[in-house]
Amino acid sequence: MDTSTHQPVQQSVAERLDPHTATTPLGDWVRELCDAPDGGNLLSMTINVIIIIIAICAFSSLTAMVLVWMERKLAGRFQRRLGPTRTGPFGLLQTAADGLKLFLKEGFRPNASDPFTYYLAPLLPLTGAFMVLAVIPFGPSMWIADPELGLIFISAIAGLGVLALLIGSWGSNNKYSLMGGLRAGAQAISYEVSLILCFLLIVLASGETNLLNIVEGQQGNFWNWWIIKLPGAGFIAFIFFIITSTAELNRTPFDTTEAESELTGGFHTEYSGIAFSMFFLAEYVHMFIAAAIGATLFLGGYNAPFEFLPDGWWWLMAKSYAIIFLYIWFRWTFPRLRIDQLMALEWKFLLPLSLINLVFAGILIAMGWIL
Amino acid sequence: MNLTACLSLSAILFSFGIFGLMTRRKIIAMLLAIELMLNAALINCVAFAYYAPAGADTDVGSILPIFIVAITSAEMAVALAVIVAMYRKRKVIDIERLEDLHD
Amino acid sequence: MEATLTTDILFYLFSAAILGCGLMAVTVKNLLHSAIALMGCLFGTAGLFLLLDHEFVALMQILVYIGGVVIFIIYAVLLTTHLGTRYLPASTLKYISGVTLAAIVLGLVLHIDPQATHTAVNPDRTATTIDAIGYRLLDGSTNGFLIPFEVISVLLLSAMIGAATIAKHQKPGATNDEDETGGSAS
């Protein structure tokens, strides 16, 4: 839609790429294939959009499956159990079986609930996830959209994730759901402040809001990544990013939204069958997205740790899965925080320290003390 | 799509806002209506910047909305805090049942 | 973006979405439903801003209006209403006065609007970049916006502190989960 303004950026990035390693993106290939003077544009656009939709759907469901399996397996190992072993090799098909079970389950709606909000809520989280997946640069020539203001776009869409929880919790007309929703709202609004301050630090350091340019700016060896390149400040910001993103994902130790021992499941108490699986799927896709953003901003995205190794999507995957391992490790190690401790942690600890860290990073950049 | 179409759109949206402000009884709903009216003002700002003649300062079309948005969010924060405090005291957010507030 | 058939179609689609959702936001009885309609209206407006080449304003619209203000409104709705809440309709007199006033304002504005002269897009126009906005905001000269920017920052800070103070629980003894979260989020 806004190709006219974005074209220059895409070309400048493409020019900087090594012609030997850069491959023709699928989109350009389709565009060449349907290169007709008139009407061809529309045809290639339609084909490209369909390919993108299929790719995103397949990728997110596959990611969710792998992550659920990984979480169960790791949880087992952390507790000296084996985890799922029976279905498929290493229990790999366990998630597929669970998903099939959820799809075949009867989905019912409580009689006293509000149909519009009840059915609207499960659709929203995956929509947001798809929108963010579209701007993450997976590889040098592997991205769907490359907006100039990519990082602002991500923070804008990330703020919408809580809407589904609020709407769904009110629509189910259950006091536990409502409490979960209220907690989710307070938590998401609070932690978003620190999260955006982490983003701001990267914008300050790289002078870019375009994700592809941020990644390209970290090329070279691993000490060019922002986590190391900004002495001290980058590492602190990375730790803050991990903490705040864990809170935004509503995962333990910050999962007061669905705390099973207090709220019997929180906002999704009244959801079952396919509606519940939508929430469940979105939760794991969000986990991957958070990890991928962290890897893009702080760990050099698709860049290899050493100059002589080839760049590619596999590095982004490896880094993302390392961060996901951290999330899972947190979940099975730390006890849950109380809601007032959660708020105190954000407003009395994380927010002031992120502001100080931002000023510190500003001084480092202004003085040129960058590795 | 031209300037007149954009301005008409924002005028209609603004009149919706006035209609809502007059007919709603709940304070939150009245705030919603005010939000609509401010949104109409934003559309005007951006439309004027887009259709500005040569030599005009079009950056203002992006800067003025920043101030509008900031003022709106400040206003909303205070207003909603007042509503929550009032609800906690009286359990009512209906404007016609809060007429004794001026005492 | 130059005007083509596609932008025209998109413009009318967005306009229909904005006006439809806007009308729903002021007429639907259920408060949460009208908040969701307002969200749709704001999304449509963000799309319109993208069409008008103001990406930063569009994203700010989503980030602050939808991600902040609407979520805050929904939060207040959650705190103050529940599914059993009765929504009393306004009196007929109010409806008549509301429609009249809205019609008068609409008539006045539409009467003034067609007098706008510069209806053609300047062919040399360039989209405002985020860098330009930043430089203008921190420019202390007569052309810049340094003082309004600082004033707005102070205003936002004071509004935040004021809101937290107003919504704070005053009775020392009674506390429960809802009040604590409500107070902290403000």
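Scan region A:257-266 and give yes if some residue there is acidic (Asp, Glu), open to solvent by less than 50 Å² (accessible area, probe 1.4 Å), touching a Ser or Thr at 6+ places or on another chain (Cβ under 9 Å) and at pLDDT below 85, otherwise no. Walk me through how you get there before you give the answer.
Our first condition is that a residue be acidic (Asp, Glu); within region A:257-266, this holds for A:258, A:260, A:262.
Checking the rest, the ones that are also open to solvent by less than 50 Å² (accessible area, probe 1.4 Å) come to A:258.
This time we only want the ones that are touching a Ser or Thr at 6+ places or on another chain (Cβ under 9 Å), so: A:258.
Going one step further and asking which of them are at pLDDT below 85, we end up with A:258.
Yes, region A:257-266 has at least one match.
Give just the number: which of (1) open to solvent by 20 Å² or more (accessible area, probe 1.4 Å); (2) in a helix (DSSP H, G or I); (3) polar (S, T, N, Q) does A:ASN111 not satisfy?
A:ASN111 satisfies every listed condition except (2).
Checking C:GLU55 against (1) open to solvent by 40 Å² or more (accessible area, probe 1.4 Å); (2) at the interface with another protein chain (Cβ under 8 Å from one of its Cβ atoms); (3) of a type in the set (D, E, K, R), which test does it fail?
(1)
Within region B:67-83, does at least one residue satisfy the condition of being β-branched (Val, Ile, Thr), within 7 Å of chain C (Cβ to nearest Cβ), surrounded by 24 or more Cβ atoms within 10 Å (Cβ to Cβ) and not in a loop (DSSP other than H, G, I, E, B)?
no
Identify all residues within region A:179-188 that are open to solvent by 10 Å² or more (accessible area, probe 1.4 Å) and more than 7 Å from chain C (Cβ to nearest Cβ); write none if there are none.
Here is the first cut: in region A:179-188, the residues open to solvent by 10 Å² or more (accessible area, probe 1.4 Å) are A:179, A:183, A:188.
Answer for region A:179-188, where residues must be open to solvent by 10 Å² or more (accessible area, probe 1.4 Å) and more than 7 Å from chain C (Cβ to nearest Cβ): just A:ALA188.
Is it the case, given these coordinates, that A:LEU201 is assigned to a helix (DSSP H, G or I) and under 22 Å from A:PHE130 (Cβ atoms)? Break it down into steps so the answer makes sense when it comes.
Working: assigned to a helix (DSSP H, G or I): yes; under 22 Å from A:PHE130 (Cβ atoms): no.
It is false that A:LEU201 is assigned to a helix (DSSP H, G or I) and under 22 Å from A:PHE130 (Cβ atoms).
Pairs needed: first member in region A:320-340, without any contact (Cβ under 8 Å) to a residue 60 or more places away in the chain; second member anywhere, open to solvent by 50 Å² or more (accessible area, probe 1.4 Å); C-beta distance under 6 Å; at least 6 residues apart or different chains.
A:ASP340/C:GLU180
Give me the pairs, please: first residue somewhere in region C:152-166 and closer than 15 Å to B:VAL84 by Cα and open to solvent by less than 70 Å² (accessible area, probe 1.4 Å), second residue anywhere and modelled with pLDDT under 90 and in a helix (DSSP H, G or I), beta-carbon distance under 6 Å, and either six or more positions apart or on two chains.
What qualifies is C:GLY162/B:VAL78; C:ALA163/B:ALA77; C:ALA163/B:VAL78; C:ALA163/B:ALA81; C:ILE166/B:ALA81; C:ILE166/B:VAL82; C:ILE166/B:ALA85.
Looking at region C:27-37 only, could you name the residues that are open to solvent by less than 10 Å² (accessible area, probe 1.4 Å) and either touching a Phe, Trp or Tyr at 6+ places or on another chain (Cβ under 9 Å) or among the polar types (S, T, N, Q) (or both)? Break it down into steps so the answer makes sense when it comes.
Let us first name the residues in region C:27-37 that are open to solvent by less than 10 Å² (accessible area, probe 1.4 Å), namely C:31-32, C:34-35, C:37.
Scanning region C:27-37 gives C:LEU31, C:LEU32, C:SER34.
On the given criteria, is A:GLY234 among the small types (Gly, Ala, Ser) and closer than 30 Å to A:ILE370 by Cα? First the steps, then the outcome.
Working: among the small types (Gly, Ala, Ser): yes; closer than 30 Å to A:ILE370 by Cα: yes.
Against the criterion (among the small types (Gly, Ala, Ser) and closer than 30 Å to A:ILE370 by Cα), A:GLY234 qualifies.
For region A:114-150, name all the residues that are assigned to a helix (DSSP H, G or I), open to solvent by less than 30 Å² (accessible area, probe 1.4 Å) and within 30 Å of C:LEU32 (Cα to Cα). Break it down stepwise before answering.
Within region A:114-150, the subset assigned to a helix (DSSP H, G or I) is A:115-133, A:150.
Checking the rest, the ones that are also open to solvent by less than 30 Å² (accessible area, probe 1.4 Å) come to A:117-118, A:121-122, A:125-126, A:128-129, A:132-133, A:150.
Hits for region A:114-150 are A:THR117, A:TYR118, A:ALA121, A:PRO122, A:PRO125, A:LEU126, A:GLY128, A:ALA129, A:VAL132, A:LEU133.
Considering each residue of region C:17-31, count those that are facing chain B (nearest Cβ under 10 Å) and in a helix (DSSP H, G or I), and give that number.
Residues flagged as facing chain B (nearest Cβ under 10 Å) and in a helix (DSSP H, G or I) within region C:17-31 amount to 10.
Given the residues A:ILE243, A:ILE196, which is the only one that is among the aliphatic types (A, V, I, L, M), open to solvent by 10 Å² or more (accessible area, probe 1.4 Å) and more than 25 Å from C:MET60 (Cβ to Cβ)?
Of the residues listed, the single one that is among the aliphatic types (A, V, I, L, M), open to solvent by 10 Å² or more (accessible area, probe 1.4 Å) and more than 25 Å from C:MET60 (Cβ to Cβ) is A:ILE243.
Could you tell me which residue of region A:204-223 is farthest from A:PRO305 (Cα to Cα), considering only residues that are open to solvent by 40 Å² or more (accessible area, probe 1.4 Å) and assigned to a helix (DSSP H, G or I)?
Result: A:LEU204.
How many residues are open to solvent by 60 Å² or more (accessible area, probe 1.4 Å), within 21 Å of A:ILE274 (Cα to Cα) and either free of Cβ contacts under 8 Å to residues at least 12 places away in the same chain or in a loop (DSSP other than H, G, I, E, B) (or both) when one looks only at region A:70-103?
Result for region A:70-103: 3.
Table: residues versus (1) in contact with a Gly (Cβ under 9 Å, 6 or more places away or on another chain); (2) away from chain C (no Cβ under 14 Å); (3) small (Gly, Ala, Ser).
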residue: A:THR46; (1), (2), (3): no, no, no
residue: A:PHE59; (1), (2), (3): no, yes, no
residue: A:MET65; (1), (2), (3): yes, yes, no
residue: A:GLU106; (1), (2), (3): yes, yes, no
residue: A:GLY128; (1), (2), (3): yes, no, yes
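With the checklist (1) open to solvent by less than 60 Å² (accessible area, probe 1.4 Å); (2) outside any helix (DSSP H, G or I); (3) at pLDDT below 70 in hand, flag the one item C:GLY144 doesn't pass.
(3)
Only one residue in A:TYR176, A:TYR191 is closer than 28 Å to C:VAL28 by Cβ and more than 10 Å from chain C (Cβ to nearest Cβ), so which one is that? It would help to see each step written out before you state the result.
On the way: A:TYR191 fails: closer than 28 Å to C:VAL28 by Cβ.
Step by step, each of A:TYR176, A:TYR191 is checked, and only A:TYR176 is closer than 28 Å to C:VAL28 by Cβ and more than 10 Å from chain C (Cβ to nearest Cβ).
Closer than 14 Å to C:LEU52 by Cβ and modelled with pLDDT under 90: is that true of B:MET1 in this structure? Talk me through it step by step, then tell me what you get.
Numbers: closer than 14 Å to C:LEU52 by Cβ: yes; modelled with pLDDT under 90: yes.
Yes, satisfied.
Just name the residue that is nearest to B:ALA52 (Cα to Cα) out of those in region B:1-23 that are open to solvent by less than 20 Å² (accessible area, probe 1.4 Å) and among the hydroxyl-bearing types (Ser, Thr, Tyr).
The extreme case among them is B:SER10.
Looking only at residues that are open to solvent by 10 Å² or more (accessible area, probe 1.4 Å) and assigned to a helix (DSSP H, G or I) in region B:24-43, which one is nearest to C:VAL26 (Cα to Cα)?
First, pick out the residues of region B:24-43 that are open to solvent by 10 Å² or more (accessible area, probe 1.4 Å): B:24-27, B:30-31, B:34, B:37-38, B:41.
Those left that are additionally assigned to a helix (DSSP H, G or I): B:27, B:30-31, B:34, B:37-38, B:41.
On the way: B:ILE27: 12, B:MET30: 8, B:LEU31: 10, B:ILE34: 10, B:MET37: 11, B:LEU38: 14, B:ALA41: 17 Å.
Only one residue fits best here, namely B:MET30.
The values are calculated or read from the model by the stated rules, or taken from the named source; none is laboratory data. These figures come from a predicted structure and were not determined experimentally. Using ideal geometry, Cβ is built from the backbone for each residue, glycine included, and neighbour counts are taken over all protein chains shown. Surface areas here come from the heavy atoms of the whole protein model, side chains and all, with no ligands, DNA or RNA. Shrake-Rupley method; radii C 1.70, N 1.55, O 1.52, S 1.80 Å.
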